[in-house]
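What follows is one structure encoded as structure tokens, with my remarks underneath.
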Amino acid sequence: MLFSRSLIVLALSIAMILIGVNSQSGWMYWLAGLLLAALAVSWFISLFQVRGLSLVRQHLPEIDEEDTLRVTLQVHNHGRLPRNLLAVIDEDPCAGERKRPRLRAKRKALREHMRDPRPAEKESPADAGGRATFLIPFLKGGGEASLSYHRGGLRRGIYRSWPCFFYSEGIIGLARHTSRLPAEPRLMVTPHYVELGSFPLVDSFLHPQRTSREYSSKKGAGIDYYGVREFRSGDPLRHVHWKTTARRGELVVREFERETGTPLVVLVDNRAGNDTRKEYGVLLDAEARLAASVVHYAHCAGHPVTMAAYRGENPELHDVQSFHDALRWLAALEPVGGAGLEQQAEGLWPELSPGSFFCCITPARALDRSRLAAALPNMCHVALVFVDPASYNGNGSAHPAPLSSEQLITSLVEMPFPGLFSISLHRRGDGLRTCLEKPLLIYGGSIPRGR
């Protein structure tokens, strides 16, 4: 395609032709013809440079958002003729869709250039993310080139395909062409988490307990008798039930009930809110990191964990069987909820059994305490983990919150609702471990007497 430089050459050629017509100067036609020929040659060469090529991107399928991703680009020239001055552009997956990239050298301000006349250095994708650009000076016909780099700054999410481009301005630089190539391998970036030493809500009951029939009839390691079954390789001989073995004529072993902790429901408030999708996505990333840390601790402690979010007005639940699956579920979470915190708690009534734990991870917004308390079953203990929107959005939010985080917490301290166990507040830059292990406030009355 043509751009400003091409249009200047084209305008200059037309001007020379007009001058030649008026002055009857043949050499003006000759100069105009040279300029037009150079423009046409540059257009065809740049078009040829980006055709007949293929690219394969290789990287790990899953990484933590704090890790650096190693990316390898394999470029193959399927044509017989070589390619010269070919640029390969791997777009930033977090930047969204972009069309027809143009390479521009980074420039300094005049004052900076006077202090340091050296060319401006471009930030590496490993440090600040962004676009990765490579220049292949020469690629022979049928040849291959391998390009590798490290990419950092990736946000939580699933990137099914982000574009890669071949870019060329030819040899003269009077026209440019771009060829977009889809990259098939998807990338999943899971939320970062920390291994907690404690979480007061879960640690408030030091011993496992059964809260419903669903959790009291599971087989596993324990001390209560459950039943008998046939002997399997690896079963300890001390569990053999000899009377039943003698009656059946084959080895039979005893089974025991598995001890389970108090069930925990972790609600991740993914409502869309009034801010833009990008602004609320940053809040949701922080919520996902907090949720992953809580789920990891509770799951390792033996508590049945259920994660909850919303799609519109409908709840989406995930029973945590393995922590890795929980990370994948959080990675795919989008800000598509349409209900407030109180409505979300009401929709989770079937999942909240009496005596269970309920951890709400939500932006610090105004809430109806009485309605939230009415949605909780008896003896249900609630930990509120607030994420401060002001620290993440700053002054860029188009819809400032009518109630600040401090005002919300003060109102809860003055008028707590029944079942409220603890309040935590996470601001941008705060450590996950400090926020979760040391809440701002723990209500002693929330712990039943005798514990």
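Looking at 18, 31, can you tell me which residue is in the same structural domain as residue 154 (by TED's automatic domain parsing) and without any contact (Cβ under 8 Å) to a residue 12 or more places away in the chain? Just a single option satisfies the conditions, and that option is 18.
In a loop (DSSP other than H, G, I, E, B), under 30 Å from residue 191 (Cα atoms) and modelled with pLDDT of 90 or more - does that describe any residue in segment 36-54?
If we filter segment 36-54 for residues that are in a loop (DSSP other than H, G, I, E, B), which is where we start, we get 50-52.
Keeping just the survivors that are under 30 Å from residue 191 (Cα atoms) gives none.
Within segment 36-54, none of the residues are in a loop (DSSP other than H, G, I, E, B), under 30 Å from residue 191 (Cα atoms) and modelled with pLDDT of 90 or more.
One line per residue, one yes/no per condition, for (1) farther than 28 Å from residue 58 by Cβ; (2) at pLDDT 80 or above; (3) not in a helix (DSSP H, G or I):
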| residue | (1), (2), (3) |
| --- | --- |
| 158 | no, yes, yes |
| 165 | no, yes, yes |
| 175 | yes, yes, yes |
| 180 | no, yes, yes |
| 183 | no, no, yes |
| 193 | no, yes, yes |
| 202 | yes, yes, no |
| 206 | yes, no, yes |
| 215 | yes, no, no |
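Would you be able to say whether some residue in segment 311-325 is crowded, with 18+ Cβ neighbours inside 10 Å, modelled with pLDDT under 95, in the same structural domain as residue 393 (by TED's automatic domain parsing) and among the hydroxyl-bearing types (Ser, Thr, Tyr)? No, that holds for no residue.
Name the single residue that is nearest to residue 382 (Cα to Cα) among those in segment 401-420 being among the hydrophobic types (A, V, I, L, M, F, W, C) and within 33 Å of the chain's Cα centre (by Cα).
Among those residues, the one meeting the criterion is 420.
For segment 1-43, the set of residues classified as loosely packed, with under 13 Cβ neighbours inside 10 Å and within 30 Å of residue 142 (Cα to Cα) consists of 1, 37, 40, listed by residue number. Cβ-Cβ distances below 6 Å connect the following pairs, each with a first residue in segment 173-190 that is surrounded by fewer than 22 Cβ atoms within 10 Å (Cβ to Cβ) and polar (S, T, N, Q), a second residue that is assigned to a loop (DSSP other than H, G, I, E, B) and at pLDDT 85 or above, and a separation of six or more residues or different chains: 179/50.
With respect to the conditions (1) farther than 30 Å from residue 290 by Cα; (2) at pLDDT 75 or above, residue 106 lacks only one, and its number is (2).
Yes or no, residue by residue, for (1) within 17 Å of residue 198 (Cα to Cα); (2) modelled with pLDDT of 90 or more:
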{"residue": "394", "(1), (2)": "no, no"}
{"residue": "398", "(1), (2)": "no, no"}
{"residue": "403", "(1), (2)": "no, no"}
{"residue": "407", "(1), (2)": "no, yes"}
{"residue": "413", "(1), (2)": "no, no"}
{"residue": "418", "(1), (2)": "no, no"}
{"residue": "438", "(1), (2)": "yes, yes"}
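Scanning segment 267-287 for residues that are modelled with pLDDT under 65 and outside any helix (DSSP H, G or I) yields a total of 4. A single entry from 251, 264 fulfils the requirement of being modelled with pLDDT of 80 or more, closer than 30 Å to residue 318 by Cβ and of a type outside the set (Phe, Trp, Tyr): 264.
Considering segment 338-428, there are no qualifying strands (runs of 3 or more DSSP E) wholly inside with 2 or more residues that are farther than 18 Å from residue 269 by Cα and touching a residue at least 40 places away in the same chain (Cβ under 8 Å).
Can you tell me which residue in segment 60-93 is farthest from the chain's Cα centre (by Cα), limited to those that are among the acidic types (Asp, Glu) and outside any strand (DSSP E or B)? Give the steps one after another, and end with the answer.
Of the residues in segment 60-93, the ones among the acidic types (Asp, Glu) are 62, 64-67, 90-92.
Imposing the further condition that a residue be outside any strand (DSSP E or B) reduces the set to 65-67, 91-92.
Numbers: 65: 7, 66: 11, 67: 12, 91: 17, 92: 14 Å.
Looking at residues that are among the acidic types (Asp, Glu) and outside any strand (DSSP E or B), I get 91.
The values are calculated or read from the model by the stated rules, or taken from the named source; none is laboratory data. What you see is a predicted model; the values in this text were computed from it and never measured. Counting neighbours? That spans all protein chains shown, and the Cβs are built from the backbone with ideal geometry, glycine included.
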